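> There's a structure below that I have some questions on.
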Amino acid sequence: MRKRIVIANLKLGLSLKETENLTEEIIKELSQEKKLKNLEIVICPSFPAIPRVYDLIKVSPVPISLGAQNVFWEEKGAYTGEVSVLMLKELEVSYVIIGHSERREYLKESEEMINKKVKVALAHNLIPIVCVGETLEERERSQKEKVISRQINEAFKDIEFNKNNKIIVAYEPVWVIGSGQAITAEEAENTGFFLRGKLTNLFPPDFIEKNIKVIYGGSVDSKNIRDFAKKNIDGFLIGSASLKAVEFCQIIKILSEI
Ligand code: PGA
């Protein structure tokens with residue numbers, strides 16, 4: 001199995017000080033663990049907290065990478081309020097969440113914007129975490145496969161990539177996010193296989209095998225992670241359960257035992 005990735009999406013859940021405390025607690029809790037080699041851990045704080053998290057993880061005995069929750073598609077210019085890929089690189093950010101359903105919904109991010117963001121991330125060797133997933137309404141109309149196929153095709157439309165690029169695709173059913181009730185591990189695994197199949201229309205098989213992870217997100221917690229851990233899923237994008245160090249570390253510990 002590929003090395004699994006566990007990504008904390010802190011959203012707008014914590015203050016700067018709380019983010020610092022969380023990071024410190026995670027590092028402390030995990031530094032006792034010997035078996036984390038099969039896992040990669042990423043924390044995605046809000047923009048202003050990035051330098052604070054960076055200062056802590058750069059001296060951490062436990063390897064933790066840094067991710068951002070968004071990026072703008074232009075590198076520079078008159079774009080009030082935006083943050084560029086170049087700034088993220090200066091901050092030593094390695095990952096960036098793109099196309100999260102909350103941004104699609106509240107910020108009206110279109111497939112075209114998402115595609116431009118994926119392109120700029122790949123051009124600068126930042127690893128995009130591209131989120132796809134159906135709403136409850138789409139699911140009830142039996143459109144899940146159609147919707148996530150379209151989101152994949154649009155996100156990676158006319159993409160240029162090199163052999164060093166890495167990509168993460170996160171299947172996150174919109175209706176499950178933050179609900180406390182995840183989908184079954186079986187469905188998460190099967191949807192991952194389905195998405196891998198769709199990716200074969202866009203990338204060569206060995207690139208998909210070596211450079212792309214397909215992960216699951218949506219109400220993952222320390223109670224249901226054992227079920228997911230048994231399945232062939234490359235990793236997890238974790239929201240609510242990442243806001244408490246004990247809960248987040250419990251998930252990591254369970255995954256490290258599998
Ligand atoms: P959740 O969020 O774990 O709170 O469901 C996941 C996400 O939105 O990435």
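> I'd like the residue in the stretch 129-158 that is touching a strand residue (DSSP E or B) at 6+ places or on another chain (Cβ under 7 Å) and small (Gly, Ala, Ser) and, out of all such residues, is surrounded by the fewest Cβ atoms within 10 Å (Cβ to Cβ).
Only one residue tops the list, namely Ala155.
> Something else now. Restricting attention to the stretch 209-224, does a residue exist that is without any contact (Cβ under 8 Å) to a residue 12 or more places away in the chain, in a helix (DSSP H, G or I) and surrounded by fewer than 21 Cβ atoms within 10 Å (Cβ to Cβ)?
Yes, the stretch 209-224 contains at least one residue that is without any contact (Cβ under 8 Å) to a residue 12 or more places away in the chain, in a helix (DSSP H, G or I) and surrounded by fewer than 21 Cβ atoms within 10 Å (Cβ to Cβ).
> Would you be able to tell me the number of residues in the stretch 99-127 that are assigned to a helix (DSSP H, G or I) and either within 16 Å of the ligand (Cβ to nearest atom) or without any contact (Cβ under 8 Å) to a residue 24 or more places away in the chain (or both)?
Total meeting the criteria: 7.
> Among residues belonging to the stretch 27-47 that are over 16 Å from the mean Cα position of the chain (by Cα), touching a residue at least 40 places away in the same chain (Cβ under 8 Å) and under 16 Å from Lys3 (Cα atoms), point out the one that is most open to solvent (accessible area, probe 1.4 Å).
Residue satisfying both the conditions and the ranking: Lys35.
> Another question, then. Test Leu126 against the stated conditions and say whether it is open to solvent by less than 10 Å² (accessible area, probe 1.4 Å) and over 12 Å from Gly99 (Cβ atoms).
Spelling it out, Leu126 is indeed open to solvent by less than 10 Å² (accessible area, probe 1.4 Å) and over 12 Å from Gly99 (Cβ atoms).
> For the stretch 228-249, which positions are within 18 Å of Lys3 (Cα to Cα) and either open to solvent by 10 Å² or more (accessible area, probe 1.4 Å) or among the small types (Gly, Ala, Ser) (or both)?
Listed by number, the residues that qualify are Ala229, Lys230, Lys231, Asn232, Gly235.
> Looking at the structure I just gave you, is Thr23 modelled with pLDDT of 95 or more and part of a helix (DSSP H, G or I)?
Spelling it out, Thr23 is indeed modelled with pLDDT of 95 or more and part of a helix (DSSP H, G or I).
> Also, I was wondering about something else. Any chance the stretch 189-202 includes a residue that's among the small types (Gly, Ala, Ser) and within 11 Å of the ligand (Cβ to nearest atom)?
no
> Looking at the stretch 62-78, can you tell me whether even one residue there is at pLDDT below 95, within 20 Å of Cys249 (Cα to Cα) and of a type in the set (S, T, N, Q)?
The answer is no, given that none of the residues of the stretch 62-78 is at pLDDT below 95, within 20 Å of Cys249 (Cα to Cα) and of a type in the set (S, T, N, Q).
> Shifting gears a bit: Among the residues of the stretch 152-165, are any within 16 Å of the ligand (Cβ to nearest atom) and over 17 Å from the mean Cα position of the chain (by Cα)?
no
The values are calculated or read from the model by the stated rules, or taken from the named source; none is laboratory data. Keep in mind it's a predicted model, so treat the numbers as computed, not measured. Counting neighbours? That spans all protein chains shown, and the Cβs are built from the backbone with ideal geometry, glycine included. These area figures cover heavy atoms from the full protein model, side chains too; ligands, DNA and RNA do not enter into them. Shrake-Rupley method; radii C 1.70, N 1.55, O 1.52, S 1.80 Å.
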